[in-house]
1. Between Glu10 and Ala234, what is the FRET efficiency for a Förster distance of 35 Å, r being their Cβ-Cβ separation, to the nearest 0.05?
2. Indicate the gyration tensor shape class of segment 3-302 (rounded, prolate or oblate), computed on the Cα atoms with a ≥ b ≥ c the square roots of the eigenvalues: a/c under 1.5 is rounded; otherwise a/b larger than b/c is prolate and the rest oblate.
3. DSSP loop (so not H, G, I, E, B), at most 12 other Cβ within 10 Å: list which GluC sites (Glu not before Pro) in segment 70-146 pass both filters.
4. Note down the net charge around Arg235, summing +1 for each Lys or Arg and -1 for each Asp or Glu among other residues with Cβ under 14 Å from its Cβ.
5. For the chain, modelled as a GNM with alpha-carbon contacts under 10 angstrom, which of Ala279, Ala39, Ala94 fluctuates the most?
6. For Gly14, list long-range residues whose amide hydrogen, built 1.01 Å from N in the peptide plane, is under 5 Å from its own amide hydrogen.
7. Whole angstrom only: what separates the Cα centroid of segment 106-140 from the Cα centroid of segment 149-210?
8. Under a GNM of the chain (C-alpha, springs under 10 Å), which listed residue has the highest mean-square fluctuation: Asp224, Asp162, Asp15?
Amino acid sequence: MNGQLIQELEALGGDLLPASLRECDEIVIDQPEYHARIALWGGHLVSFVPTGQKDLLFQSANQGDQTRFGRRHFGVPVCWPWFGANEKQLDYPAHGLARYFRWQFSEAGRFKNGDVKIVLRLASEDHPLLEEMWPQAFELRQVFRFTGDGFSINFSAANLSDKSMAVTEALHTYFHVGDNRQVQVQGLDGVSFIDKLDNGARKKQSGVITPFECLDSVYIDSPDECVIEDVSFARKITLRTEGSQSTVLWNPGPELAKKRADMEDEDYRHFVCVETANALNNGYEIASGEMHQLRLSVTVEALS
């Protein structure tokens, strides 16, 4: 690891710590207003704790299968370059490749207004297995921005190959809640969605989503803002997105949770997945030499 990069991280109140997950390091940022952790394995934000509050992000105590493509249920995993199952290679892992490889820590600093900035990079040329499973060359970057009242993620994908690249994707965010029976998701009223628990039936949302359990729904052409109201933790979480046309809501509910080896039986009660996505009908193509950006901004405030 570059010594200057470590010094820049330390100047932010940060540190690089060894972690058990794939023996990869974690970036830890401590500020008076918050504590944040980023895992280099999978390149995702694991935890963001505003001072005096519960973590905004959920972590399962059961990290499940630790084989090469074992699943994980915490933080903000990256689903890219496909969302869900790979339609052509059924033995490939669900939700793409980006979350199954070590990312490079490439920059630490501050934005002009003083917000902390951390940049990670994943290039196909750095991983032979990536090149084998996805022959088109690419480079991914994530720019994390941290403030006292939340965080943002700017995810970019550059197509370095000589052919266009078809992509579906998501920032698969696990939001930590006190009790999903007392959660409301607002902002999707009137939006059409695909109900994957009802054989892919197309429906239209009426009102708020509550309670938040037994859900697997892809909202197509969704708005760029929605709100999670969590009565148990007395807070409101606002999501704002750019470059995203879909919103995915997921929670396994009690029966499916009990059948899963990769989460505890009661885990489902304490998270809601509200995913910033381009899925199903909202997939797109990145032309040769072009780049696409997906942005998620999360802010939290007390529930009045």
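1. According to the calculation, E is roughly 0.50.
2. Rounded is the answer for segment 3-302, as its axis ratio a/c remains below 1.5.
3. Answer by residue number: Glu87.
4. -4
5. Between Ala279, Ala39, Ala94, it is Ala94 that shows the largest mean-square fluctuation.
6. Those lying under 5 Å, H to H, from Gly14 are Asp30.
7. Cα centres, segment 106-140 to segment 149-210: 23 Å.
8. Maximum fluctuation in the GNM of the chain, among the listed residues, is at Asp162.
Each value in this text was obtained by applying a stated rule to the coordinates, not by laboratory testing. Because the structure is predicted, anything quoted here is derived from the model rather than measured. As a convention, Cβ positions derive from the backbone with ideal geometry for all residues, glycine included, and neighbour counts pool all protein chains shown.
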